[in-house]
Amino acid sequence: MVQFATFIQVNERWIYIVVGLLSLWHLRRFLQSHQALRKSAYILERETARRRRAVSLSVLVVLASVCGLVYLITHNIIPSVNPLLFPQSDSAVPMSTPLMPTASPEVLVLPGQTIPILSGTAASLPQNTRVPAAGIGCDNPLAVIVSPLPGAVLSGKVEVQGTVDIPDFAFYVLEISTLGDNWLNVYTNNEPVTSGVLGAWDSTQHHLGDHAFRLVVYKADGDFEEPCVIPVSIGGVQ
């Protein structure tokens, strides 16, 4: 059902075009049949014209219903279901506590005892997400962030601008990360955008410091373009 609704949304424009052309053709047949019915002098001709007019009228009603169904799915059903499938997170991000080495307990060694040797490897500390200063994966003009710029210091409400208009588009997400690959969704939308506002999010919900911020654009088949990732820093008063 979700795949069918996504197909309707992606091809909404073409569906309207096809339905419009069919409607014009059947409207022409309806008018021709109506004129023939008025001019017919014989019963057989009148019955034929009346039948053609009825068929054309029925098809016009069906086409109008199709347009209404497409509009309902695209502008009412999908926007209502989408937040359930791709929930946005407005809650504060819990701080990830780095793994710090703890002091080793003192071991009392009695005469004649051997000192135990601990085996294993030390756990590595998580590192901040490393992103090139100019960003990475932002070469696609159809899936790109143009604001904020790489290295920008953010505070308060952040408005993200760019373009999301790839072929076979389904939806896109804006995500932020602090440590490793713990990407957190801050905004989701299923409408394409051309040189406009992609979304907005509250930077005060995240901790001060360096972060990675990215745009991921998904296709209708579930695949996605290479994410556009930029380094940003959250500053100011939290």
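No value in this document is a laboratory result; all are computed from the given coordinates. As the structure is a computational prediction, the values presented were derived from the model and not from experiment. So basically every Cβ, Gly included, is an ideal-geometry build from the backbone, and we count neighbours across all protein chains shown.
Annotations
- Note on Ser233 and Asp165: with the Förster distance fixed at 41 Å, the Cβ-Cβ geometry gives a FRET efficiency of about 0.90.
- Going from the fewest other Cβ atoms within 10 Å to the most, the residues Asp181, Asp165 appear in the order Asp181, Asp165.
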